[in-house]
1. Could you check, for region 42-55, whether at least one of its residues is more than 16 Å from ligand 2 (Cβ to nearest atom), open to solvent by 90 Å² or more (accessible area, probe 1.4 Å), not in a helix (DSSP H, G or I) and not charged (D, E, K, R)?
2. Counting only residues that are farther than 16 Å from Ala138 by Cα and either among the charged types (D, E, K, R) or surrounded by fewer than 19 Cβ atoms within 10 Å (Cβ to Cβ) (or both), how many does region 26-41 have?
3. Does region 119-126 contain any residue that is closer than 24 Å to Leu37 by Cβ, within 16 Å of ligand 2 (Cβ to nearest atom) and exposed (fewer than 15 other Cβ atoms within 10 Å of the Cβ)?
4. Note down all Cβ pairs under 7 Å where the first residue falls in region 24-46 and is closer than 13 Å to Arg86 by Cβ, the second is polar (S, T, N, Q) and surrounded by fewer than 19 Cβ atoms within 10 Å (Cβ to Cβ), and they're at least six residues apart or on different chains.
5. Identify, by number, the condition in (1) part of a loop (DSSP other than H, G, I, E, B); (2) under 30 Å from Tyr122 (Cα atoms); (3) of a type outside the set (Lys, Arg); (4) within 12 Å of ligand 1 (Cβ to nearest atom) that Gly69 doesn't meet.
6. Residues being without any contact (Cβ under 8 Å) to a residue 60 or more places away in the chain, open to solvent by 60 Å² or more (accessible area, probe 1.4 Å) and out of contact with any Ser or Thr (no Cβ under 9 Å at 6 or more places or on another chain): count how many of those fall in region 61-100.
7. Taking only region 28-41 into account, find how many residues are out of contact with any Pro (no Cβ under 9 Å at 6 or more places or on another chain) and within 11 Å of ligand 2 (Cβ to nearest atom).
8. Gly23: within 14 Å of ligand 2 (Cβ to nearest atom), crowded, with 19+ Cβ neighbours inside 10 Å and in a loop (DSSP other than H, G, I, E, B), yes or no?
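The values are calculated or read from the model by the stated rules, or taken from the named source; none is laboratory data. These figures come from a predicted structure and were not determined experimentally. Virtual Cβ from ideal backbone geometry, glycine too; neighbours counted across all protein chains shown. What goes into the accessible areas is simple: the full protein's heavy atoms, side chains included, and nothing from ligands, DNA or RNA. Shrake-Rupley method; radii C 1.70, N 1.55, O 1.52, S 1.80 Å.
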Amino acid sequence: MNYCPPCSRPDLVLGISPHSDGGSLTLLLQDDEITGLQIRHKEEWIPVKPIPNSLVMNIGDAVEILSNGMYRSIEHRAITNEKKERISVSAFAFVDDELEIGPLDSMVEDLNRPRMYQKIKYVDYIGQVSARKMGGKAQTDLVKLQSQ
Ligand SMILES: O=C(O)CCC(=O)C(=O)O
Ligand SMILES: [Fe+2]
């Protein structure tokens, strides 16, 4: 659960720093009344206007890696609001710590595409991501193969 109190200087203070979710999929319940979530598209931050009574589903890094980059984990952040507090609820699906993840053969050989990410034990991947704190989307770069 994320809580952002009202903030007199939303231009200076973020609610949640830019990041992509490290798991496989995330379900997010937003406050229907406040647009706080933003996704990065090219160099711009695009607001995700809540659709009442609906959930947002985010693709996480694990799906990006497993799909060999076919499905990207989006970089996102939450901004603060000058007048209102905002609560959001995130439910993350993670991969088993001991599992080694890497692009699935069906996403590489079968599609005749170059392998974009190295294999890594999931717990090691998450350890590296956490060590960087919320350093933005480049977190999947940690396992991107040099030549890609
Ligand atoms: O509050 C939001 O809209 C985003 C929350 C989020 O990105 C997260 O919990 O990972
Ligand atoms: Fe997130």
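1. Yes, region 42-55 has at least one match.
2. Adding up the residues that qualify gives 6.
3. No, that holds for no residue.
4. Leu28/Ser90
5. Evaluating Gly69 over (1) part of a loop (DSSP other than H, G, I, E, B); (2) under 30 Å from Tyr122 (Cα atoms); (3) of a type outside the set (Lys, Arg); (4) within 12 Å of ligand 1 (Cβ to nearest atom) leaves (4) as the failure.
6. Counting residues in region 61-100 that are without any contact (Cβ under 8 Å) to a residue 60 or more places away in the chain, open to solvent by 60 Å² or more (accessible area, probe 1.4 Å) and out of contact with any Ser or Thr (no Cβ under 9 Å at 6 or more places or on another chain) gives 7.
7. 1
8. Criteria met by Gly23.
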